Amino acid sequence: MSVNLASARLWRGFPQAILACVAVVAVAFMLPSEGYYLNILMQAVTYAIAVSGLVVVLGYCGQISIAQAAFFGLGAYGVAIGMVDYHLGFFPAWLCGIGAAGLLGVVLGLGSLRLGGHYLAMVTISFQQILTLFLTNWLEFTHGPDGIRGIPRPRLGPISFEGGHAFLALCMVTLVIVTLAVWRLKTGRLGRAMQAVRDNELAAGTCGINVFATKVIAFGLSAVLGGIGGGLFAGGFQYISPDQFSFGESIVLLTMALLGGVQSPFGSLIGTMVLIILPEWLRFLKEVYLAVYGAAVILIMVFLPDGLWGLMLERVRKRAKPILGDVPKLPLLSQTGAARTDFVLTIEGLAKHFGGLKALDGISLAVRRGSVHALIGPNGSGKSTFINVITGLYKPTAGRVVFAGQDITHVPPYERNRAGLARTFQNIRVFRGMTVLENVMVGAERPGNDVAENPAFVVERALAALDFVGLRGDAHREVGALSYGHQRYVEIARALAATPQMLLLDEPAAGLNLTEKHELGELLKRLKGHGLTILIIDHDMKLVEQVADHITVLNFGKRIADGMPKDVLNHPDVIAAYLGEPQEAAGAAS
Amino acid sequence: MAIFLQLLFTGLGIGAIYALVALGFVLLIRAASVVNFAQGQFAMVGAYMLVVCLNVLGLPYLLSMAISVVLMAVFGVIFAGATYWPLRHRGGLPVIISTIGASIFLENIVLFLYGPSPEVLPGLFDSPGIQVGQVFMDSQYLSILVAATLLVVLQYFIFEKTLLGKKLQATSQDKEMASLLGIPVAAMILFTFSYSAMLGGIAGMLVAPVLFVSVGMGGLIALKAFAANIIGGYGSIPGAILGGLALGVAETMGAAYISVPYKDAFAFAMLLMFLAVRPQGLFGEKISEKA
Amino acid sequence: MSLLEIENLTARYSSGAGDVLKGIDVSVEEGEIVALLGANGAGKSTTLRAISGLVPHVGGSIKLGGVPLFGQGVEAIVRLGVAHVPEGRRVFPGLTVAENIMLGASNRTGLGRAEMMREVDEKFELFPDLVRLRDALGWTLSGGQLQMVAVARGLMAKPRVLLLDEPSLGLAPLIVQQVFKIVAEIRRRGTTVLLVEQNANVALSVADRGYVLETGRVLVSGKPEDLWKDPQVRAAYLGGHAIA
């Protein structure tokens, strides 16, 4: 099975793409020689390439870029200046333009993507304005507002792209390749990481994804695609000027992506075609067409959140077939535990203060390998803070966290995951835009996991994890369609697929109904039977006493009890923490 | 020195415009978590309303301004109904995109109705200005500074001294709790949109005699206001005011001493510099980290 | 007829999720303190949120003085006389203590400013510890102070019933006693209270009656002295080991 899966994935989409190439070349040469048709198609095709960049950054990764026309312009000016002023060939000049777009994209991304989502929007708008200023005013280099004329088209060996038909064929083939690449990106490791970042940055980080780097790559890729389209645009029209790459054009490109649907390059292709051809048909709208664009953006956001492509998919969505066949068992025991420390997790004197509030006040705790360790305490006792410090979301005020022999006190969350610490969340954090299987594959793809480098093994591992929690039949469903309890299982499967050294369960029973709680208890017992190390935080004592080997109790940020379940649960301090102090409280009543 | 003071005066005048637009922008972020990319178009629409009242209907100046301000308040509510209300439960990104759509729509619908040729508006006062020491204070810049100061004082009064202001603040800090106290949260948010549109509109009316009134005037102002907001500290009210003033001065000085064609680039260069060195801006976060 | 009548209440947070409440019956008489007890996740807070109209999917019925509450907006329910002091206190961090308390009267129309300020001053008599903090901003207060501000703010609504969600949460035992003395005092002055509490002993020390919830159902209900002895109550919190 794995062999078939692997080879099928490797060449996925290639036959269709080759057919499409042949078809588009034929279409290009059959077009009437009138410039009008050639020009319309040339514009549509080059724009479509740039718009597919927005699919990557906005659709896959969820970041707003409003400067796609600027990157398009960089590609175009690269070709124009390179060929006209520096007498480079088309292809080297094109590469220069693409390189400039990609480089600036990465630099802008590094500056803004660490901050909130709207920062990129603002920075890209600013960049767009600055670029327009430079294109208009830097006469010696850009030729200023008059633009650049007489941009030649290339020859490649015996093949000439100098004719309109031939150049259009080149553009169309490029579009086919770009569309294939963007489509394949979505179902690849990088694309899945991008979507995970889009759906839930926090959960993506705890699946070992470097969120910041992933966003920068997505934005850089979108800039590169803008540059590719722009270079072809310059060759196609042989004349460019700054106003073709203005803020308004960036909005047009954005509208195209949104109208078609940002989740797929086919969507963006449809959106581009519609918005290039529509104004031609609706010539009477010419004066207000941008106003119509603006209104269309609002209407699309309100009524067509998934675009035209999303609408079509909804109509034809087939029932996904279950995946049959055997998968290897889940290797639950850690394979990377070379350092045979007796304890997987050791915490010494951990403290976290918020201003004057001591949420954690010197906690020490050790989790023995292969045991189920429960951390309990009444509401507000510091459990959530504890988890956030352990998983790297908060920086501790003092203390040390050693995991699998490695000091991780000051390590970012995604590196803790790479060291083998997997977790689930109290408020379920699945990747809502993805299927059940894709969610779990993100877990299996944790860097350092034994299967991470091989896509076929990743699928197998994910299926095995789903098998373990009993959700294999739902592998191809949208994760949002599952019940709350099953979404929690998806989270657990996602963590298991990462072959963790320790599994951290943050209130797994929260929000579950009685049946679901019972099933969860059975699942945890099975995990325990396989010898997986588990640190569980929960309020549900029935669940805790069923599975725990060892219990630590917190109250007011301090450890008030630690030991075997029976002793701990009958400890007077613990009873008082949960039920209150009987005699004093009775006194308060009088 | 005389030139420097003169530039400082002009820079503060322009900066006050940015500050007013930035203020409206910040209020929406705080009240409704909306990043409104059509804030600059509020200024443009306000300026055109003034053009219609003054040049077409021939009304007196102050009456024209008063009518325009009232119209802007209504406009703000309509704007909220179209771009924010239907999307309010869908997170930040769809609303951002829809306000971008609104900005394009507004510019082009005005372009369609009014044509591309810029309009010229007379100043609020006939007198060209007054000489104070070595500085000539242009009457319109002076009006801008006075009006902006009054508006900031008025806003301080509303927000700090009235029950309405307290309800607005409560809404921006915790909507669910505000509604549990019986504060009409939806009305508070609509009021903020309305007020924010008025601020933007007034900025547009004040700056109209200094610049030409054109459909594109709002876009650049808005971008500077965004930059002011980041420089001052995201979502900070004093930050928006100081950031706006600082930007106005910096770009006026930059244009005079460094380069005129790249005047508009200084604001963005400053923005990028702040993002790199001090992303929390001048005023940073007000409320401390407490889980 | 009871002041607050909850019949067969079911609740879920989204259409796909399971029921958090599975048919709860609770009644509160005029002038009583009623405690809802139970471990975390039993559905106590959800019950209060359902009364205030904050839960999107509910079934059954809730009536206040015979008026059905379902279908009314959150703000309308507050105007009918339900004041909700939610879990976590939710004191506005950027407003002062006095301003926070003042806003508690937002549900009352036609209340003059002078009258309102007089009532705010009355609240400071009930909470003398807050007097020196009158102009302190919300975010600078400690947990106990926040709880007092939140209760004072709730009382400003002149509610027919005051919903108190986990007032003891995260407070040291001494402060918990202070807070509950105030709860008893509030009742003495005539306000009906529906109290949600994890700290069973302290809650039962002030309550007239209690209901113990487990996984969305009422497990037992009755007088404090009966609940005190009931082993099921202990088990609901600490599981089987504790009684063994």
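The values are calculated or read from the model by the stated rules, or taken from the named source; none is laboratory data. Fair warning: this is a prediction, and the values are worked out from it, not measured in the lab. Here the Cβ is made from the backbone with ideal geometry for all residues, glycine too, and neighbour counts use every protein chain on show.
Observations on the model:
- Unmet criterion (only one of (1) within 11 Å of chain A (Cβ to nearest Cβ); (2) in a loop (DSSP other than H, G, I, E, B)) for B:L93: (2)
- Subset of the stretch A:156-165 [crowded, with 18+ Cβ neighbours inside 10 Å and assigned to a helix (DSSP H, G or I)]: A:G164
- Evaluated against (1) among the charged types (D, E, K, R); (2) more than 17 Å from A:H118 (Cα to Cα); (3) not in a helix (DSSP H, G or I), B:E107 falls short on exactly one condition, (3).
- Filtered by the rule that a residue be over 21 Å from B:A265 (Cα atoms) and within 13 Å of the chain's Cα centre (by Cα), the stretch B:205-221 gives B:M205, B:L206.
- Among the residues of the stretch C:162-174, those that are buried (at least 23 other Cβ atoms within 10 Å of the Cβ) and either at pLDDT 85 or above or outside any loop (DSSP other than H, G, I, E, B) (or both) comprise C:L162, C:L163, C:L164, C:D165, C:E166, C:P167, C:S168.
- Qualifying residue in the stretch A:93-104 (condition: touching a Ser or Thr at 6+ places or on another chain (Cβ under 7 Å) and either within 14 Å of chain B (Cβ to nearest Cβ) or surrounded by fewer than 21 Cβ atoms within 10 Å (Cβ to Cβ) (or both)): no
- Within the stretch B:120-140, not a single residue is among the aromatic types (F, W, Y) and closer than 30 Å to A:G62 by Cβ.
- Flag if C:G71 is out of contact with any Lys or Arg (no Cβ under 9 Å at 6 or more places or on another chain), more than 14 Å from chain B (Cβ to nearest Cβ) and at positive phi: yes
- A single entry from B:F157, B:F191 fulfils the requirement of being surrounded by fewer than 18 Cβ atoms within 10 Å (Cβ to Cβ) and away from chain C (no Cβ under 14 Å): B:F157.
One line per residue, one yes/no per condition, for (1) of a type in the set (A, V, I, L, M, F, W, C); (2) at the interface with chain A (Cβ under 10 Å from one of its Cβ atoms); (3) at positive phi; (4) assigned to a loop (DSSP other than H, G, I, E, B):
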site: C:N8; (1), (2), (3), (4): no, no, yes, no
site: C:I24; (1), (2), (3), (4): yes, no, no, no
site: C:A39; (1), (2), (3), (4): yes, yes, no, yes
site: C:A50; (1), (2), (3), (4): yes, no, no, no
site: C:K63; (1), (2), (3), (4): no, no, no, no
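- Only a single criterion out of (1) closer than 30 Å to A:L95 by Cβ; (2) not in a helix (DSSP H, G or I) is not satisfied by A:G208, namely (1).
- Answer residue from the stretch A:490-517, given it is under 29 Å from the mean Cα position of the chain (by Cα) and polar (S, T, N, Q) and is nearest to A:L569 (Cα to Cα) among those: A:Q501
- Checking every residue in the stretch C:127-147 against the condition of being closer than 27 Å to C:N8 by Cα and either more than 8 Å from every other protein chain (Cβ to nearest Cβ) or more than 14 Å from the chain's Cα centre (by Cα) (or both) gives zero matches.
- Any chance C:G59 is more than 14 Å from chain A (Cβ to nearest Cβ) and surrounded by fewer than 17 Cβ atoms within 10 Å (Cβ to Cβ): yes
- Scanning the stretch A:99-122 for residues that are out of contact with any Phe, Trp or Tyr (no Cβ under 9 Å at 6 or more places or on another chain) and hydrophobic (A, V, I, L, M, F, W, C) gives A:L103, A:V107.
- Among the conditions (1) surrounded by fewer than 20 Cβ atoms within 10 Å (Cβ to Cβ); (2) in contact (Cβ under 8 Å) with a residue 60 or more places away in the chain; (3) within 26 Å of A:V389 (Cα to Cα), the only one that A:R477 does not satisfy is (3).
- Counting only helices (runs of 4 or more DSSP H) wholly contained in the stretch B:202-291, the ones carrying 2 or more residues that are surrounded by fewer than 22 Cβ atoms within 10 Å (Cβ to Cβ) and away from chain A (no Cβ under 13 Å) occupy B:237-257.
- Strands (runs of 3 or more DSSP E) completely within the stretch A:490-577 that count 1 or more residues being within 11 Å of another protein chain (Cβ to nearest Cβ) and surrounded by 24 or more Cβ atoms within 10 Å (Cβ to Cβ): A:550-555
Residue-by-condition table, conditions (1) within 11 Å of another protein chain (Cβ to nearest Cβ); (2) free of Cβ contacts under 8 Å to residues at least 40 places away in the same chain; (3) not in a helix (DSSP H, G or I):
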site	(1), (2), (3)
C:V149	no, no, no
C:V176	yes, yes, no
C:G190	no, no, yes
C:A203	yes, no, no
C:V212	no, no, yes
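- Scanning the stretch C:76-107 for residues that are within 7 Å of another protein chain (Cβ to nearest Cβ) and within 17 Å of the chain's Cα centre (by Cα) yields C:V78, C:R79, C:H84, C:P86, C:R90, C:G104.
- Any hit, the stretch A:218-241, residues being of a type outside the set (A, V, I, L, M, F, W, C), assigned to a helix (DSSP H, G or I), more than 27 Å from A:P152 (Cα to Cα) and at pLDDT 95 or above: yes
- Number of residues in the stretch C:151-174 that are closer than 15 Å to C:L204 by Cα and more than 10 Å from chain A (Cβ to nearest Cβ) equals 3.
- Unique residue being under 18 Å from the mean Cα position of the chain (by Cα), at pLDDT 85 or above and of a type in the set (A, V, I, L, M) when the list is B:L113, B:L121, B:L154, B:L87: B:L154
- Filtering the stretch C:87-124 to residues that are hydrophobic (A, V, I, L, M, F, W, C), within 24 Å of C:A50 (Cβ to Cβ) and in a helix (DSSP H, G or I) leaves only C:L103.
- Where B:I29 falls short, out of the listed (1) crowded, with 16+ Cβ neighbours inside 10 Å; (2) in a helix (DSSP H, G or I); (3) away from every other protein chain (no Cβ under 14 Å): (3)
- All of A:G443, A:G433, A:G448 fail the test of being touching a helix residue (DSSP H, G or I) at 6+ places or on another chain (Cβ under 6 Å), of a type outside the set (A, V, I, L, M, F, W, C) and at pLDDT 90 or above, apart from A:G443.
- Residue in the stretch C:35-43 that is in contact (Cβ under 8 Å) with a residue 40 or more places away in the chain, farther than 23 Å from C:R89 by Cα and touching a Lys or Arg at 6+ places or on another chain (Cβ under 8 Å) present: no
- Some residue of the stretch A:518-528 being without any contact (Cβ under 8 Å) to a residue 12 or more places away in the chain and more than 32 Å from the chain's Cα centre (by Cα): yes
- Enumeration of residues in the stretch B:53-87 that are more than 25 Å from B:I100 (Cα to Cα) and either within 14 Å of another protein chain (Cβ to nearest Cβ) or crowded, with 18+ Cβ neighbours inside 10 Å (or both): B:C53, B:L54, B:S64, B:M65
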